[in-house]
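J.: Dumping the structure here so I can ask a few things about it.
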Amino acid sequence: MARPLIKICGMTRMEDVALCTSLGADLLGFIFHPASPRNADPDFAASVKTGRVVKVGVFVNQSAQEVVAIMDRCGLHAAQLHGGQDMAFCEAVGPDRVIRTFWPETYASPEALLRDMENYAEVCGHFLLDAGGKGQGGTGRSIDFGFLQHIEIQTPWFLAGGIGPDNLDAALAVNPPGLDINSGVETQPGIKDETKLRAVFDRLDKVE
């Protein structure tokens, strides 16, 4: 398998941005949700200059207009929608800029999940599959990776849900095009653990 794209989410400190960038992260996530312990100040996100690394904003309750305004202010390349937003919302943000979240645990079967994702395929550039339910994230829990082994998702997608050094191999086994990593590489919410991050990227360097 090819090395998946790696998104490290929950950026709150410039030193973590620098570390993740130096280790080879492809995307960095900034959470714009006041209820989250990883909530990012827009001024901080705007100050981050990442070069080739893609900046992603994570949004839950904002309107499409608010999402676009924050993206413009902060220089974000993509919006990860974590509130179950509908197709019109995705179109308003811009399909090529949308990473729309789905929660496999809320579906009765893999086929039901696949049908829902297929409905959104034309209004989303990427999907993200996470543990929990709508509006949740950073729970530290993994989804049942086996749930995904028997469906073929055509749209590029990220796998999330408590991924870290201890369960990275299990996550890689379902051959995700991308991994979204957050709580599994933290010492506390919003504070990244250098040892865990280095362990993750060391393992990824061995992916062929």
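Bear in mind that the values in this text are calculations on the coordinates, not laboratory data. Treat the numbers as computed from the prediction; the structure is a model and nothing was measured. With ideal geometry, Cβ positions are generated from the backbone for all residues, glycine too; neighbour counts draw on all protein chains shown.
J.: Can you compute 3J(HN,Hα) from phi for each residue in the stretch 80-87, using the Karplus curve 6.51 cos²θ - 1.76 cosθ + 1.60 with θ = phi - 60°, rounded to whole Hz and x for Gly and Pro?
T.: Per-residue couplings from phi come out as 8, 9, 10, x, x, 4, 7, 5 Hz.
J.: In Å, what Kirkwood hydrodynamic radius results for the stretch 53-150 from the alpha-carbon pair distances?
T.: For the stretch 53-150, inverting the mean 1/r across all distinct Cα pairs yields 13.9 Å.
J.: Relative to 2.2 N^0.38 Å, what does the C-alpha radius of gyration of the stretch 1-83 come to as a ratio? Two decimals please.
T.: 1.05
J.: Whole Å is fine, so just give me how far the alpha carbon centre of the stretch 177-200 lies from that of the stretch 1-47.
T.: Cα centres, the stretch 177-200 to the stretch 1-47: 10 Å.
J.: Rounded to the nearest 0.05, what FRET efficiency do Thr155 and Arg73 have when you use their Cβ-Cβ distance and R0 = 35 Å?
T.: The calculated FRET efficiency here is 0.80.
J.: With runs of 4+ DSSP H residues as the only contributors, calculate the mean residue ellipticity of the chain at 222 nm using -39,500 (n - 2.57) per run, divided by the residue total and rounded to the nearest 500.
T.: Calculated mean residue ellipticity at 222 nm is -8000 deg cm²/dmol.
J.: Relative contact order for the chain using alpha-carbon pairs under 8 Å, separation at least 6, rounded to a whole percent?
T.: Relative contact order, the chain: 21 percent.
J.: To continue, here is another question. Return the Cα extents of the chain along principal axes one, two and three, sorted largest first, each rounded to a whole Å.
T.: Result, largest extent first: 42, 41, 28 Å.
J.: Which length gain, in nm to one decimal place, applies between Asp96 and Glu122 when the Cα-Cα distance is subtracted from 0.36 nm times their residue separation?
T.: Full-extension gain reported as 8.4 nm.
J.: If you don't mind, another one. Amide H neighbours of Leu179 under 5 Å, counting only residues 5+ apart in sequence or on other chains, H built in-plane at 1.01 Å?
T.: Leu5, Ile6, Lys7, Leu159
J.: Tabulate in residue order the Karplus-calculated ³J(HN,Hα) for the stretch 109-120, using 6.51 cos²θ - 1.76 cosθ + 1.60 with θ = phi - 60°, rounded to whole Hz; enter x for Gly and Pro.
T.: Result, rounded to whole Hz: 7, x, 5, 5, 4, 4, 4, 5, 5, 4, 5, 9.
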